[in-house]
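Beneath this line is the structure, given in structure tokens, with notes to follow.
The values are calculated or read from the model by the stated rules, or taken from the named source; none is laboratory data. Not measured: the values here are computed from a predicted model. Please note: Cβ atoms are built from the backbone with ideal geometry, for glycine as well, and neighbour counts cover all protein chains shown.
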Amino acid sequence: MKFKKIIFYASITATILFVSVVAYALIRIRIMFQREKTCHSMTKIKILTDAIECYKLDFKNYPTEAEGLKVLIVKQKNKHYNGPYLNSKELPLDSWGTPYRYRLVSDKPLIESAGSDTIFGTKDDLKITEASNK
């Protein structure tokens, strides 16, 4: 009888240990996947920022907020136009399927991703600031 109790408790302990290891592994995989999405979106922001800088070289100013990022892919009838500035027919979406937001802040371009919650203005938003771009 005592032997059966030992086996019973050992199997419960092994099951708890197994479930804990699986749960830990799943959490780690999710964290890694989330980090990959964040890195991918930040890379796209850098590409969009570089394209905006190329636009500025041609036009001597950044696109207005009203023009937005669309100027990077839409052909323009202007002697300064050397685009398209992106090799795409559509603007990219961030890793969570949300369009990037373009704004001018102190006459500098700011391109943002809403992040994993897909809501702008929250703590998980992604953007490249002057300090992080150097």
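Give the residues of segment 111-134 that are modelled with pLDDT of 90 or more, out of contact with any helix residue (DSSP H, G or I) (no Cβ under 7 Å at 6 or more places or on another chain) and β-branched (Val, Ile, Thr), sorted by residue number.
If the condition is that a residue be modelled with pLDDT of 90 or more, out of contact with any helix residue (DSSP H, G or I) (no Cβ under 7 Å at 6 or more places or on another chain) and β-branched (Val, Ile, Thr), then 118, 119, 122 are the ones that fit.
In segment 100-110, what count of residues is obtained for those that are within 15 Å of residue 68 (Cβ to Cβ) and either at pLDDT below 95 or more than 11 Å from the chain's Cα centre (by Cα) (or both)?
Keep residues of segment 100-110 that are within 15 Å of residue 68 (Cβ to Cβ), which gives 100-105, 109-110.
Narrowing the set further to residues that are either at pLDDT below 95 or more than 11 Å from the chain's Cα centre (by Cα) (or both) leaves 101-105, 109-110.
So the answer is 7.
If I ask for residues that are free of Cβ contacts under 8 Å to residues at least 24 places away in the same chain and within 20 Å of residue 126 (Cβ to Cβ), which ones from segment 76-89 would you list?
Our first condition is that a residue be free of Cβ contacts under 8 Å to residues at least 24 places away in the same chain; within segment 76-89, this holds for 76-81, 84, 87-89.
88 - this is the single residue of segment 76-89 that is free of Cβ contacts under 8 Å to residues at least 24 places away in the same chain and within 20 Å of residue 126 (Cβ to Cβ).
Is it true that some residue in segment 80-100 is acidic (Asp, Glu), touching a helix residue (DSSP H, G or I) at 6+ places or on another chain (Cβ under 9 Å) and part of a loop (DSSP other than H, G, I, E, B)? Can you show your working first?
So the first thing to find is which residues in segment 80-100 are acidic (Asp, Glu), and the list is 90, 94.
Narrowing further to those that are touching a helix residue (DSSP H, G or I) at 6+ places or on another chain (Cβ under 9 Å): 94.
After this cut, where a residue has to be part of a loop (DSSP other than H, G, I, E, B) as well, the list is 94.
Looking for residues that are acidic (Asp, Glu), touching a helix residue (DSSP H, G or I) at 6+ places or on another chain (Cβ under 9 Å) and part of a loop (DSSP other than H, G, I, E, B), one finds at least one in segment 80-100, hence yes.
Cβ contacts < 7 Å: first residue without any contact (Cβ under 8 Å) to a residue 40 or more places away in the chain, restricted to segment 110-124; second residue surrounded by fewer than 14 Cβ atoms within 10 Å (Cβ to Cβ) and among the basic types (Lys, Arg), any location; separation 6+ or different chain. Result?
Every condition considered, the pairs that remain are 110/103.
What do you reckon, is residue 75 surrounded by fewer than 16 Cβ atoms within 10 Å (Cβ to Cβ), at pLDDT below 90 and either on the phi > 0 side of the Ramachandran plot or outside any helix (DSSP H, G or I) (or both)?
Working: surrounded by fewer than 16 Cβ atoms within 10 Å (Cβ to Cβ): yes; at pLDDT below 90: yes; either on the phi > 0 side of the Ramachandran plot or outside any helix (DSSP H, G or I) (or both): yes.
When the stated conditions are applied, residue 75 passes them.
Would you be able to tell me the number of residues in segment 34-67 that are of a type in the set (D, E, K, R), more than 24 Å from residue 95 (Cα to Cα) and in a loop (DSSP other than H, G, I, E, B)?
At the first step, the residues of segment 34-67 found to be of a type in the set (D, E, K, R) are 35-37, 44, 46, 50, 53, 56, 58, 60, 65, 67.
The next check asks that each one be more than 24 Å from residue 95 (Cα to Cα); those that pass are 56, 58, 60.
Checking which are in a loop (DSSP other than H, G, I, E, B) leaves us with 60.
Within segment 34-67, residues that are of a type in the set (D, E, K, R), more than 24 Å from residue 95 (Cα to Cα) and in a loop (DSSP other than H, G, I, E, B) number 1.
Report, by residue number, each residue of segment 101-129 that is part of a strand (DSSP E or B) and of a type outside the set (Phe, Trp, Tyr). Quick ask: steps written out before the conclusion?
Quick first cut of segment 101-129, residues part of a strand (DSSP E or B) only: 101-105, 108-113, 126-127.
Matches in segment 101-129: 101, 103, 104, 105, 108, 109, 110, 111, 112, 113, 126, 127.
Tell me the residue from 15, 43 that is out of contact with any Pro (no Cβ under 9 Å at 6 or more places or on another chain), among the polar types (S, T, N, Q), closer than 20 Å to residue 112 by Cβ and surrounded by fewer than 17 Cβ atoms within 10 Å (Cβ to Cβ), please.
Working: 15 fails: closer than 20 Å to residue 112 by Cβ.
Being out of contact with any Pro (no Cβ under 9 Å at 6 or more places or on another chain), among the polar types (S, T, N, Q), closer than 20 Å to residue 112 by Cβ and surrounded by fewer than 17 Cβ atoms within 10 Å (Cβ to Cβ) holds for just one of 15, 43, which is 43.
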